[in-house]
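K.L.:
Just passing along the structure, written as structure tokens.
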Amino acid sequence: MKKINKKILEHHEIIRNNLEIEDYKNMVKNEAVKLNTQMEKFVNDPNLNIDIFNNKNSEYVTADQTVVYYYVKITQIFSDYYITKDINEFNSFDIFSEDFKMVGRIRISADFINQEHENPYIKKLFNKHGYMLELINLNSFSKGYGESFVNKLKKLSKITKLPIWLYDTNSKGKNYFRKMGFKHKGNLGENNEPLMFYKPK
């Protein structure tokens, strides 16, 4: 676990350095515009951009409609952030504060597309909830930025009815997520990382 924490801290510093480079900032801004442009036609399609929790629609919602709904809610809640898509994962997003003091990566997964987890407890959660919101990592470099991001994520969770889960490798303290309403479900990661879970009320 100590080796893992060392790698995490090293990665944290790499991200800190990247966020201070102007070319990197410009790349993020351009990627955010590119994603917005790519998604615009889907967001503007009334057959795709629907309220998936509306009783008239709930029985006939497609995967595409679900993705568009979640994307729209992400952009609304994180309207003052830059949002980019992970190149390697179609369902992952990087979310940067406008002043580049923070970046978080989230992934929206469903039981039928999330095949990588051998952990039976994770599989059980997916079987129960269908879609879930994963906080893959969070790197903040100024006081209050991480907490503000997580609070917005909890707001997204409430609106979309998506539970949040993560493996807690946070370097700021073991109670960081507990203080924000997450529950410890056991040290279930590959390297005994604590699994934290948040269910919207």
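K.L.:
Only one of Glu89, Glu59 is under 18 Å from Arg105 (Cβ atoms), out of contact with any Ser or Thr (no Cβ under 7 Å at 6 or more places or on another chain) and assigned to a loop (DSSP other than H, G, I, E, B); which?
P.N.:
Just one listed residue meets the conditions, Glu89.
K.L.:
For Met27, only one of the following conditions fails: (1) touching a residue at least 12 places away in the same chain (Cβ under 8 Å); (2) not in a loop (DSSP other than H, G, I, E, B). What is its number?
P.N.:
Tallying (1) touching a residue at least 12 places away in the same chain (Cβ under 8 Å); (2) not in a loop (DSSP other than H, G, I, E, B), Met27 fails exactly one: (1).
K.L.:
Here's another thing I want to ask about it. Cβ-Cβ distance below 9 Å, separation of 6 or more or different chains: which pairs start in the range 7-19 with a residue that is more than 15 Å from Glu193 (Cβ to Cβ) and assigned to a loop (DSSP other than H, G, I, E, B) and end on one that is among the hydrophobic types (A, V, I, L, M, F, W, C) and modelled with pLDDT of 80 or more?
P.N.:
Short answer, once both residue conditions are applied: Leu19/Val28; Leu19/Phe96; Leu19/Phe100; Leu19/Met102; Leu19/Val103; Leu19/Phe141.
K.L.:
Follow-up question, since we're still on this one. Just for the range 62-86: of the residues that are in a loop (DSSP other than H, G, I, E, B) and at pLDDT 95 or above, which one is nearest to Leu153 (Cα to Cα)?
P.N.:
The selected residue is Phe78.
K.L.:
Okay, next question. With the structure loaded, tell me whether Asn170 is buried (at least 18 other Cβ atoms within 10 Å of the Cβ), part of a loop (DSSP other than H, G, I, E, B), modelled with pLDDT under 90 and not hydrophobic (A, V, I, L, M, F, W, C) or whether it fails that test.
P.N.:
yes
K.L.:
Taking only the range 134-158 into account, find how many residues are modelled with pLDDT under 95, within 15 Å of Ile108 (Cβ to Cβ) and aliphatic (A, V, I, L, M).
P.N.:
Residues meeting the conditions: 2.
For every residue, the table says whether it meets (1) surrounded by 14 or more Cβ atoms within 10 Å (Cβ to Cβ); (2) over 25 Å from Glu98 (Cα atoms); (3) among the polar types (S, T, N, Q); (4) at pLDDT 95 or above.
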{"residue": "Glu22", "(1), (2), (3), (4)": "no, no, no, yes"}
{"residue": "Met27", "(1), (2), (3), (4)": "no, no, no, yes"}
{"residue": "Ala32", "(1), (2), (3), (4)": "yes, no, no, yes"}
{"residue": "Thr37", "(1), (2), (3), (4)": "no, no, yes, yes"}
{"residue": "Glu40", "(1), (2), (3), (4)": "no, no, no, yes"}
{"residue": "Ile52", "(1), (2), (3), (4)": "yes, yes, no, no"}
{"residue": "Ser58", "(1), (2), (3), (4)": "no, yes, yes, no"}
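The values are calculated or read from the model by the stated rules, or taken from the named source; none is laboratory data. Note that the structure is predicted; figures quoted are calculated from it, not measured. Note that we place each Cβ from the backbone using ideal geometry, even for glycine, and neighbour counts take in every protein chain shown.
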